Amino acid sequence: MRSKSFGEIKNISKHFTKKESLEMFKKMCISRNFEFNTKDAFDKGYIKMPIYLSVGEESVSSAISIAYKKPHIFAQHRCHDIYLAFGGEIVPLIDELLHKPSGIAKGMGGSASIHSPKIGMFGHSGLMGDQIPIAVGYALGSKQKVLAIMGDASAEEDYVISSMGYAASKKLPVLFVCTDNGLSILTKVAVRRNWSMVNVAKAFGMDAVEITDDPWLIMHHVKKLAKNLPSFINIHTTRVLWHNGTGQDSEPEWDRFKIVKEDLKNLGLEKQALKIEQETKEFIDKLWKKQLKK
């Protein structure tokens, strides 16, 4: 059952250094403030294309980027946070969303197809889940470390499951991640299927876990799973805004950003975290304001 404490390990945050915890939180702040600025720009009519925002899911990409360094990244349509967490430049992403030729895909890829050779990130085509077979093919050809990210709806596609099976049979260096917000647009997982992706991965012989979106918990498991690829991790998270757009149907089941701030306080890092949050907001706000004026 989905919950903010699913798979929780007591005091897991204390197993990480202050530097790791604050770096993770800074990445969360960058993503969150970027997305709220994107929402504002969309609501004011600056952005004309569909947008897929990551508000509520920031902890997942932030944690993975610390525990799984420099992979080749194959992400899905909801990917601003992934690009930012792995070090993507902020201004070219803003310009991409504003349809400018100075954007990372020359203004033609948009929100759903973030492509950046500089950080090893390949843009999504728009076909749900097709990044998974492509990621597996890349791992087969290159033998290099790959991160393949899908949503809980994409995970149900036949070519996703068969690609995972092929990766397992060839022992390819792929970390499969499912960001499971429990929804396919608005249809809940329980309505769509009665089986678990973790059980599918395990049936293929992969190491696999199912946890909530506690970033320290994610870092803990990703570090372990990365030692025996391919492997799979299903992460319960929440989607604060619409699947596509900036509206909100209901309050999310939990607020991981707020929970992480409380955890940092308990670690004695409240002042440092507050400073990071404030400085990050000012920095991102300033960048957006400048690009909107051009």
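Observations, loosely collected:
- Boolean, residue 104 is among the β-branched types (Val, Ile, Thr) and either over 30 Å from residue 259 (Cα atoms) or not assigned by TED's automatic domain parsing to the domain that holds residue 210 (or both): yes
- Residue 259 being at pLDDT 95 or above, in a strand (DSSP E or B) and at negative phi: no
- Residue list for region 135-166, filter: in contact with a strand residue (DSSP E or B) (Cβ under 9 Å, 6 or more places away or on another chain) and charged (D, E, K, R): 145, 152, 156, 157
- Residue 89 meets all of the listed conditions (1) touching a helix residue (DSSP H, G or I) at 6+ places or on another chain (Cβ under 7 Å); (2) in the same structural domain as residue 231 (by TED's automatic domain parsing); (3) more than 14 Å from residue 148 (Cβ to Cβ) but one, namely (1).
- Among all positions in region 171-193, there is at least one residue which is surrounded by 19 or more Cβ atoms within 10 Å (Cβ to Cβ), modelled with pLDDT of 95 or more and farther than 23 Å from residue 62 by Cβ.
- Members of region 88-120 that are among the small types (Gly, Ala, Ser), surrounded by fewer than 18 Cβ atoms within 10 Å (Cβ to Cβ) and without any contact (Cβ under 8 Å) to a residue 12 or more places away in the chain: 102
- Scope region 36-53; condition free of Cβ contacts under 8 Å to residues at least 40 places away in the same chain and under 14 Å from residue 240 (Cα atoms); matching residues: 36
- Residue check, residue 147 touching a helix residue (DSSP H, G or I) at 6+ places or on another chain (Cβ under 6 Å), surrounded by 22 or more Cβ atoms within 10 Å (Cβ to Cβ) and in contact (Cβ under 8 Å) with a residue 40 or more places away in the chain: no
- Leading residue by the ranking (surrounded by the fewest Cβ atoms within 10 Å (Cβ to Cβ)) among those in region 194-212 that are hydrophobic (A, V, I, L, M, F, W, C) and in a helix (DSSP H, G or I): 203
- Pairs, first assigned by TED's automatic domain parsing to the domain that holds residue 207 in region 174-189, second in a loop (DSSP other than H, G, I, E, B) and among the aromatic types (Phe, Trp, Tyr), C-beta under 7 Å, six or more apart: 175/68
- Residue in region 213-231 that is surrounded by fewer than 19 Cβ atoms within 10 Å (Cβ to Cβ), among the polar types (S, T, N, Q) and either assigned to a loop (DSSP other than H, G, I, E, B) or at pLDDT 95 or above (or both) present: yes
- Flag for residue 160 being farther than 28 Å from residue 22 by Cβ, modelled with pLDDT of 95 or more and either touching a Gly at 6+ places or on another chain (Cβ under 9 Å) or of a type outside the set (A, V, I, L, M) (or both): yes
- Pairs, first at positive phi and among the small types (Gly, Ala, Ser) in region 209-221, second modelled with pLDDT under 95 and surrounded by 20 or more Cβ atoms within 10 Å (Cβ to Cβ), C-beta under 7 Å, six or more apart: none
- When the criteria are applied in full, residue 138 fails the requirement of being modelled with pLDDT of 95 or more, among the hydroxyl-bearing types (Ser, Thr, Tyr) and outside the structural domain of residue 173 (by TED's automatic domain parsing).
To keep it simple, each residue is scored yes or no on (1) at pLDDT 95 or above; (2) in the same structural domain as residue 210 (by TED's automatic domain parsing); (3) in a helix (DSSP H, G or I); (4) among the hydroxyl-bearing types (Ser, Thr, Tyr).
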position	(1), (2), (3), (4)
7	yes, no, no, no
21	yes, no, yes, yes
26	yes, no, yes, no
32	yes, no, yes, no
37	yes, no, yes, no
45	yes, no, no, no
52	yes, no, no, yes
55	yes, no, no, no
69	yes, yes, no, no
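The values are calculated or read from the model by the stated rules, or taken from the named source; none is laboratory data. Predicted model, so just to flag it, every value in this text is computed and none were measured. So basically every Cβ, Gly included, is an ideal-geometry build from the backbone, and we count neighbours across all protein chains shown.
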